[in-house]
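So the structure is just underneath, and the comments pick up after that.
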Amino acid sequence: MSFARNIFQDLDGAVAHEWIETNGLGGFASSTIIGVNTRRYHGLLTAATKPPVGRIVMLSKLEETLVIDDRRYELSANQYPGAVHPQGFQYQTGFRRDPFPVFRYEVEGVALEKSVFMVQGENTTVGQYQVSAAGKQSIKLEIRPLVAFRDYHSTTHENGALNRDLEVSDGQITIRPYSDIPPLHFVHDDADLGRDSFWYHNFQYCIEQERGLDFSEDLFSPFVLTFDLNQNPQPRIIASTNPRNGKQVERKLPSKSRNDNDSLLIESLKQAADQFIVSRDRGSTVIAGYHWFSDWGRDTMIALPGLLLVTGKYEIAKSVLLEFSRHVDKGMLPNRFPDAGETPEYNTVDATLWFFEAIRSFVQYSGDYEFVRTNLYDVMKEIIDWHVRGTRYNIHVDEDGLLESGEPGVQLTWMDAKVGDWVITPRHGKPVEIQALWYNALRIMQDFAARFGDNQRAEEFSAMGQAAEKSFNRLFWNDDAQCLYDVVNGDLSDGSIRPNQVLAIGLTYSMVSNDRARKILAVVDRHLLTPRGLRTLSPNDANYHGRYEGNGRARDSVYHQGTVWPWLMGSYFSAHEKAFGFEAVRRVGSEWLANFQEHLNEACLGQVSEIFDGDAPHAPRGCAAQAWSVSELLRVCLEIVYKRSVAAV
């Protein structure tokens, strides 16, 4: 993925393109292709101090000045009130991901390339430079770090509490601005140290301003380093929470070369998938999205097949499943691990049910039933038993065999937006996808019980599944609309046209007949299908909103009221294959995916956004990189549309 010089002259267009590098701990480096930070989350080192959370923006950026003889050329760019200064993009001639971000500048016949990468398993970012010059000019490079040292959800401002002292040893400079935040170590290649330090004021983050959040920040510069490029044409600077005895670091390239049969889309999605797999405690987990999400139970279980199974990463999948199984409480999987590492939150009805589908997918790919029998089967039985007798938030099996849930002021399904006490889409009672997931879990358990010789439980699960199927088909078919109701709550049936009904078809075990599936998909195609995914509500609905913008309240109020979610295309294509067959889904899927590929160069390069506007041109919104968006599209490519074996991946 590369950009030529002309794009850097269009400031608005250039800053719309972001990049992100991750370190496998939950930390990351990210900015725009011209180095203007447009988010409070942008920075060259956001460290995960309690992996994968406790994230601190330590190094915001590096201000670089190229000095040719005595002429100074500032290569950086920052948004201040009413002005961009300096404007180093005027000298920028290229940007590419190769596979790391690489910036190229040309000044007076001198070409300078800068690459940025993170060290896997460390809170370490490396800036590496290479100069090629014509003539015999004196060429120097000044690098001035700008540090923030604050929670990544916040901004910082000039204050007297900051400690300006430097700890200097051979090739390493350590700063400790605040006692409650780990120090940051800078390792450099034979640079001259300038000890002048001062604050830069009023950086402006335009995306945060658009989102109605704090968008102004001051940053501190503790020192400046000057490299003589005539003597050292390939200098580097390392910023790390780990003190380093040496200067060597390893750039971790993609684990294997591109498969000749891979499309650019598949290769990009495979690389994107790796960025979400991170460490937690003794095992592994999945970051739901960058820049601001931690690991969520629902997102992890939905994303696991596409991130880890279709790509053959079975051992990591085991680690993720084990890690979440350790946190099951009262028959529920955590919905979220908070940023500061507090007690997990258990406010979800569907994350636990997606756990069953993730395990089913695991054995489909790995064939390792013994791992499930030894490590997960008892937990899964306990989960079912808790749901039968009832657990948090009125989650329980009703007399009709369906799963009921919900309490005032609580949002339990994936449509979980809430503003204060206002639950935007409460969906109390019996949401359609929850019944589909419950039935799917029962059939999965029936299969496991039979395989493991647990015949009595197999019969119980079978009977429970039959009861749920009978009630579902009696209660959920909307004959007038020729599709499924979204929620049934007592005598009330919600006829809103939403995508949740697609999950009722696309899951492995479905209660929907083939005839009804085709009718449902016709309704979905007519109301919800877009080039970027499925809308969350029909445009014909009075509650539909086609644009996701404004402050937090405005955005949250429309989060599931028309916004487009690409992750839903996984279930859509699974449903399409069931209803119309492989040849049909391959034709439709390949056309849709070919159209979608342009998005990989649209926002966060090589990544897939969380959501898009419901109205054309379907602008990308929300998180710049979302795990289940990537994973479900990758699963679609490899499992459904192109029918690729794991061996080929």
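Brief remarks follow.
- When residues of region 353-391 are limited to those that are open to solvent by 10 Å² or more (accessible area, probe 1.4 Å) and not in a helix (DSSP H, G or I), the one farthest from Val328 (Cα to Cα): Gly367
- Evaluation of Val423 against the conditions (1) of a type in the set (A, V, I, L, M, F, W, C); (2) surrounded by fewer than 18 Cβ atoms within 10 Å (Cβ to Cβ); (3) out of contact with any helix residue (DSSP H, G or I) (no Cβ under 8 Å at 6 or more places or on another chain) shows that the sole unmet condition is (2).
- Any hit, region 585-592, residues being among the hydrophobic types (A, V, I, L, M, F, W, C) and open to solvent by 10 Å² or more (accessible area, probe 1.4 Å): yes
- Meets criteria (over 22 Å from Gly306 (Cα atoms) and surrounded by fewer than 24 Cβ atoms within 10 Å (Cβ to Cβ)) for Ala603: no
- Answer from Leu308, Leu322 - the residue that is touching a strand residue (DSSP E or B) at 6+ places or on another chain (Cβ under 8 Å), crowded, with 24+ Cβ neighbours inside 10 Å and part of a helix (DSSP H, G or I): Leu308
- Top-ranked residue in region 196-211 [being within 22 Å of Ala16 (Cβ to Cβ) and in a loop (DSSP other than H, G, I, E, B); ranked as most open to solvent (accessible area, probe 1.4 Å)]: Arg211
- Number of the exception - Val36 against (1) touching a residue at least 24 places away in the same chain (Cβ under 8 Å); (2) touching a helix residue (DSSP H, G or I) at 6+ places or on another chain (Cβ under 6 Å); (3) farther than 27 Å from Ile287 by Cα: (3)
- Among residues of region 72-97 being more than 26 Å from Gln137 (Cβ to Cβ) and touching a residue at least 60 places away in the same chain (Cβ under 8 Å), the one that is surrounded by the fewest Cβ atoms within 10 Å (Cβ to Cβ) is Pro81.
- The set of residues in region 6-51 being open to solvent by 20 Å² or more (accessible area, probe 1.4 Å), part of a strand (DSSP E or B) and among the hydrophobic types (A, V, I, L, M, F, W, C) consists of Leu44 alone.
- Residues that are within 23 Å of Val126 (Cα to Cα), among the acidic types (Asp, Glu) and touching a residue at least 12 places away in the same chain (Cβ under 8 Å) are absent from region 205-220 altogether.
- Candidates are the residues of region 479-515 that are of a type in the set (S, T, N, Q) and within 20 Å of His576 (Cα to Cα); the one that is surrounded by the most Cβ atoms within 10 Å (Cβ to Cβ) is Gln501.
- Look at region 185-196: where a residue is within 18 Å of Tyr129 (Cα to Cα) and a partner is assigned to a loop (DSSP other than H, G, I, E, B) and among the small types (Gly, Ala, Ser), sitting 6+ places away or on another chain with Cβ atoms under 7 Å, you get Val187/Gly171; His188/Gly171.
- Evaluating Ser471 against the criteria (1) part of a helix (DSSP H, G or I); (2) open to solvent by 20 Å² or more (accessible area, probe 1.4 Å) leaves one unmet condition, (2).
- Criterion: of a type outside the set (D, E, K, R) and more than 23 Å from Val310 (Cα to Cα) - qualifying residue of Ile359, Ile395: Ile395
- Evaluation of Asp192 against (1) within 20 Å of His42 (Cα to Cα); (2) in contact with a Ser or Thr (Cβ under 8 Å, 6 or more places away or on another chain) (one fails), failing number: (1)
- Condition met for Leu600 (under 17 Å from the mean Cα position of the chain (by Cα) and either more than 25 Å from Thr22 (Cβ to Cβ) or in a helix (DSSP H, G or I) (or both)): yes
The values are calculated or read from the model by the stated rules, or taken from the named source; none is laboratory data. A quick note: this is a predicted structure, and the numbers were derived from the prediction, not measured. Positions of Cβ are backbone-derived with ideal geometry, glycine not excepted, and every protein chain shown enters the neighbour counts. Accessible surface is based on the protein model in full, side chains and every heavy atom, while ligands, DNA and RNA are left aside. Shrake-Rupley method; radii C 1.70, N 1.55, O 1.52, S 1.80 Å.
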